[in-house]
Amino acid sequence: MDYNLKKKQDLIKLCKEKNINNFSNKSKMELIELLEKNNSEEYLDLNDIINKVFNTECIEIMKKIPSNSIDMVCTDPPYFLDGLGNNWNKDTIDNKGSSSLVGNLPKGMKFDRKQSKKFYEFYSKVSHEIYRIIKPGGAFISFSSPRLYHSMTMAVEDAGFEIRDMLGWIYTQSQVKAFSQNHIIDKDKLLTDDEKTKLKELCNNWKTPQLKPAIEPMCLAVKPIEKRYIDNFQKYGTGLMNTSDETKTGDGYFPSNIVTTEEIDETLDKVFLVSKPTKIEKKIYNTHLSVKPVNLISHLIKLFTKEDAIILDPFIGSGTTAIACINSNRKYIGFDINKEYIDISEKRIKDIIDLQTSS
Ligand SMILES: C[S@@+](CC[C@H](N)C(=O)[O-])C[C@H]1O[C@@H](n2cnc3c(N)ncnc32)[C@H](O)[C@@H]1O
């Protein structure tokens, strides 16, 4: 049950029904804490899941995490219909024929008209659970594709979060996704060869409306704070942003909502660069299609959490968030529905811990 959605008088009624004492003169948050404590046997012990990754679907397991217990959620969810929810199955996607290929998108990554609405529905369920388990003032950063940012952000907002910003990770290394119409014209059985040549001339240099991707937007949302920022920060250690030297970018600049992890241009790097990923960072055994740079994730978690904070990544893929947490002395919890990726995560985690202990 999500007590956050209930009115104060309903919470008092529930306390009475459950024979909970000491509920008079309590604030709504305090009543929620009493009820949650009473329910604690329903939940997992956080100590049993901290600093581990699990091969599991994330929504059901998040229901077993205690309320207001996670400092930050930083995640890069699946964007494509074939990759959503319980139906995710890497073998099925790998075995799909070329019909699942659209433009230059890999198998399983197709856009269709239902995409945005389906993603909204899926991400509403995800965000609803995250809202319950994250602490007041806790930051929820979610990567997205520019085509689905709007539906993802609406799902996050509708779950109760305050949208604070849109962050952009910019990069120059990417594939052009726009495609020409020549192959469609070639396949058109109603056209003569002459008509085909003329149509190709007409469409020459005209492609599907897709600019070369150079930005990945992230939604920065926070769970509303309790009382004032200082009260929330004292109680939960969340709600304020770290502006110390460890989060400065480029040549010591105040962190902006644009970040880059590759050197682009002297002027831009001076302001937006978070240190470059090392070449060995990704590891040769990492077969995941969309691995994020560790330094980018480290930068984000340092901005919104203190050392020892608990960071959850419900779609951890090859374990980048876990590596970023280990590097910056934070704790992690990771879930992924795909066993192959969890195996890669565990190998990456072991490698980094071995490296730390040997040096
Ligand atoms: C974009 S990838 C994350 C990549 C990750 N940031 C990295 O650097 O390796 C999204 C991941 O979500 C996983 N996934 C898809 N549906 C899921 C679900 N319902 N529960 C948990 N994981 C899921 C996929 O297996 C995939 O690895």
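A few remarks follow.
- Matching entry among Ile59, Ile70 (being of a type outside the set (S, T, N, Q), touching a residue at least 40 places away in the same chain (Cβ under 8 Å) and within 14 Å of Ile333 (Cβ to Cβ)): Ile70
- Taken together, the criteria place Met29 among residues that are at pLDDT below 90 and in contact with an Asp or Glu (Cβ under 6 Å, 6 or more places away or on another chain).
- Residue count for the range 49-76, restricted to those that are within 9 Å of the ligand (Cβ to nearest atom), in a loop (DSSP other than H, G, I, E, B) and surrounded by fewer than 20 Cβ atoms within 10 Å (Cβ to Cβ): 2
- The criterion of at least 3 residues that are in contact with a Gly (Cβ under 8 Å, 6 or more places away or on another chain) is met by the following helices (runs of 4 or more DSSP H) wholly inside the range 174-259: 229-236.
- Within the span defined as the range 120-132, every residue fails to be outside the structural domain of Val271 (by TED's automatic domain parsing), out of contact with any Cys (no Cβ under 7 Å at 6 or more places or on another chain) and part of a helix (DSSP H, G or I).
- Within the set Glu281, Glu263, Glu346, the sole residue that is more than 18 Å from Cys74 (Cα to Cα), modelled with pLDDT of 95 or more, assigned by TED's automatic domain parsing to the domain that holds Lys63 and over 15 Å from the mean Cα position of the chain (by Cα) turns out to be Glu346.
- Note on the range 9-26: among residues that are over 32 Å from the mean Cα position of the chain (by Cα) and assigned to a helix (DSSP H, G or I), the one that is modelled with the lowest pLDDT is Glu17.
- Search result, residues across the range 311-343 that are in a strand (DSSP E or B) and either surrounded by 24 or more Cβ atoms within 10 Å (Cβ to Cβ) or not assigned by TED's automatic domain parsing to the domain that holds Ser127 (or both): Ile311, Leu312, Asp313, Tyr332, Ile333, Gly334, Asp336
The values are calculated or read from the model by the stated rules, or taken from the named source; none is laboratory data. Being a predicted model, the structure only gives us computed values, none of them experimental. Positions of Cβ are backbone-derived with ideal geometry, glycine not excepted, and every protein chain shown enters the neighbour counts.
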